[in-house]
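Shown next, in structure tokens, is the structure this report addresses.
The values are calculated or read from the model by the stated rules, or taken from the named source; none is laboratory data. Here the structure is a predicted model, which means the values were calculated and not measured. Cβ sites come from the backbone with ideal geometry, for glycine too, and all protein chains shown count toward neighbours. The accessibility values were calculated without ligands, DNA or RNA, using every heavy atom of the protein model including side chains. Shrake-Rupley method; radii C 1.70, N 1.55, O 1.52, S 1.80 Å.
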Amino acid sequence: MPSMTHMALVGLEKAGILKFVISQNVDGLHLRSGIPREKLAELHGNSFMETCPSCGAEYYRDFELETIGLKETSRRCSDEKCGAKLRDTVLDWEDALPPKEMNLAEKHCRMGDLVLCLGTSLQITPACNLPLKSLRGGGKIVIVNLQKTPKDKKASLVIHGFVDKVIAGVMELLNMKIPPYIRIDLFQTILSQSLSSDKKFVNWTIRIASVHGLSAPLPFIKSVEVSFSNNQNYKEATLDTQPFLLKRRTVLTETFEIFLNLKFSDGCGCLNTRIEIPFNFQDSIEGFKLDKNATLEKMRDAAIEDSKCGQNAVVERKTILVPKSETTVHAIVTNVKAFDYQLSNGDMKPMKEGLNGLKTTRKQRSKGRKRKTRL
């Protein structure tokens, strides 16, 4: 989950103060927190990001990829004109830094008035030399890290302390609030229906699946409890292993509601939420596609106002007449975290949430080890 510092950076970016972020971490938390992709260079990759080596498309997943080292994954590019096998983006030690990310990082360091180095030892080359590029244009360097770094002498200011504590003080001096972290995940329900051979019954299947593909995992859902509006006729079911799939047969003329009680995985901000799916074989349901960004923004506002998660909404529905099926994409708020703080005599006192320091750079397998730069 993004830390106080992650969300403070989001606030600074939205205010136009922060222009660019360079990360050596592979946890994907800057993207998750809300930093725009075009304002982020991930030098060592992202363990939640796949890329197409053919057309360059990027796919940000809600699950951690199964490979590292720029290897092929089990999925393909969704562009109909492409379809190439996707690759992970996380570097292994023998891999060179990606030129696209490195070039952007160098460009923004040269342009920057101030380069903040937060929670990094500044020992891995060539990344550790990026801040120095700002000095040639008259820029300054500020380093915040618990330990000393090899670049301390080049900095205008060095603070040996916890990054969260320092950033909280900066936000207070700027009279700015740290925005809350609202996580919204997507999943799809697929309801397939077909007539029995005697045309008296409907054989139907409901599946709760990832929007990234039927074979992709759903990391934020632990189990699904299925019940029905006329529970005297239909037996309830609990789906506790993926894929979440239920098959039933009902009378042709029956109409009812299917209730899905989604139990969230550990780490989510609430235990469960419920969605309702109408069932009527003889009724035709039209597909639609809502403004996804507007829908998600309303959900964020509701989560902030309610100070809790669990809100859900439908963002898209696709229908097929023969064989009859409807695929509905749902959005659900799975985490809400506020960062209220107050500083007193230099100490930060959390009011609502416990605070953790910002993660340092990617694990260093050998101190001061150099990386190649791809040409």
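Identify all residues within segment 302-323 that are open to solvent by 40 Å² or more (accessible area, probe 1.4 Å) and either β-branched (Val, Ile, Thr) or in contact (Cβ under 8 Å) with a residue 60 or more places away in the chain (or both); write none if there are none.
The answer is Ile304, Val314, Thr319, Ile320, Val322, Pro323.
In contact with a helix residue (DSSP H, G or I) (Cβ under 9 Å, 6 or more places away or on another chain), polar (S, T, N, Q) and closer than 26 Å to Pro180 by Cα: does that describe Asn25?
Spelling it out, it is not the case that Asn25 is in contact with a helix residue (DSSP H, G or I) (Cβ under 9 Å, 6 or more places away or on another chain), polar (S, T, N, Q) and closer than 26 Å to Pro180 by Cα.
Taking Ser47, is it closer than 30 Å to Cys268 by Cα and polar (S, T, N, Q)?
Criteria met by Ser47.
Limited to segment 78-135, what total is found for residues that are in a loop (DSSP other than H, G, I, E, B), surrounded by fewer than 19 Cβ atoms within 10 Å (Cβ to Cβ) and aliphatic (A, V, I, L, M)?
Selection size over segment 78-135: 2.
Would a scan of segment 279-301 turn up a residue that is modelled with pLDDT under 80, farther than 25 Å from Thr238 by Cβ and surrounded by 12 or more Cβ atoms within 10 Å (Cβ to Cβ)?
Taking every residue of segment 279-301 in turn, at least one turns out to be modelled with pLDDT under 80, farther than 25 Å from Thr238 by Cβ and surrounded by 12 or more Cβ atoms within 10 Å (Cβ to Cβ).
Give segment 182-238 a look and list any residue that's part of a strand (DSSP E or B), free of Cβ contacts under 8 Å to residues at least 40 places away in the same chain and open to solvent by 50 Å² or more (accessible area, probe 1.4 Å), or say none.
Across segment 182-238, the qualifying residues are Arg207, Glu225, Thr238.
Anything in segment 136-163 that is among the hydroxyl-bearing types (Ser, Thr, Tyr) and either within 23 Å of Asn103 (Cα to Cα) or open to solvent by less than 20 Å² (accessible area, probe 1.4 Å) (or both)? List them, or say none. I'd like the intermediate steps shown before the answer.
First pass over segment 136-163, keeping only residues among the hydroxyl-bearing types (Ser, Thr, Tyr): 149, 156.
Thr149 - this is the single residue of segment 136-163 that is among the hydroxyl-bearing types (Ser, Thr, Tyr) and either within 23 Å of Asn103 (Cα to Cα) or open to solvent by less than 20 Å² (accessible area, probe 1.4 Å) (or both).
Out of segment 33-42, which residues are surrounded by 21 or more Cβ atoms within 10 Å (Cβ to Cβ) and either among the polar types (S, T, N, Q) or in a loop (DSSP other than H, G, I, E, B) (or both)? Steps first, answer last, please.
First, the residues of segment 33-42 that are surrounded by 21 or more Cβ atoms within 10 Å (Cβ to Cβ): 33, 35, 41-42.
Ser33, Ile35, listed by residue number.
Would you say Gly45 is in contact (Cβ under 8 Å) with a residue 12 or more places away in the chain and either open to solvent by less than 30 Å² (accessible area, probe 1.4 Å) or of a type in the set (Val, Ile, Thr) (or both)?
The answer is yes for Gly45.
Consider Pro243 against the criteria (1) under 21 Å from Asp62 (Cα atoms); (2) at pLDDT below 90: it satisfies all of them except one. Which criterion is unmet?
For Pro243, the exception is condition (2).
Identify all residues within segment 2-32 that are in contact with a Phe, Trp or Tyr (Cβ under 7 Å, 6 or more places away or on another chain), over 19 Å from Val90 (Cα atoms) and either open to solvent by 30 Å² or more (accessible area, probe 1.4 Å) or not hydrophobic (A, V, I, L, M, F, W, C) (or both); write none if there are none.
Across segment 2-32, the qualifying residue is only Pro2.
For segment 296-319, how many residues meet the condition of being assigned to a helix (DSSP H, G or I) and farther than 15 Å from Phe187 by Cα?
Going through segment 296-319 one residue at a time, the tally reaches 10.
Applying the selection to segment 244-253, what residues are within 34 Å of the chain's Cα centre (by Cα) and surrounded by 14 or more Cβ atoms within 10 Å (Cβ to Cβ)? Full working, then the answer.
At the first step, the residues of segment 244-253 found to be within 34 Å of the chain's Cα centre (by Cα) are 244-247.
If the condition is that a residue be within 34 Å of the chain's Cα centre (by Cα) and surrounded by 14 or more Cβ atoms within 10 Å (Cβ to Cβ), then Phe244, Leu245, Leu246 are the ones that fit.
Select from segment 1-28 the residues that are in contact (Cβ under 8 Å) with a residue 40 or more places away in the chain, touching a Ser or Thr at 6+ places or on another chain (Cβ under 8 Å) and more than 20 Å from Lys107 (Cβ to Cβ) and list them in ascending order.
Pro2, His6, Met7, Val10, Asn25, Val26, Asp27
Yes or no: Asp113 out of contact with any strand residue (DSSP E or B) (no Cβ under 8 Å at 6 or more places or on another chain) and of a type in the set (Asp, Glu)?
no
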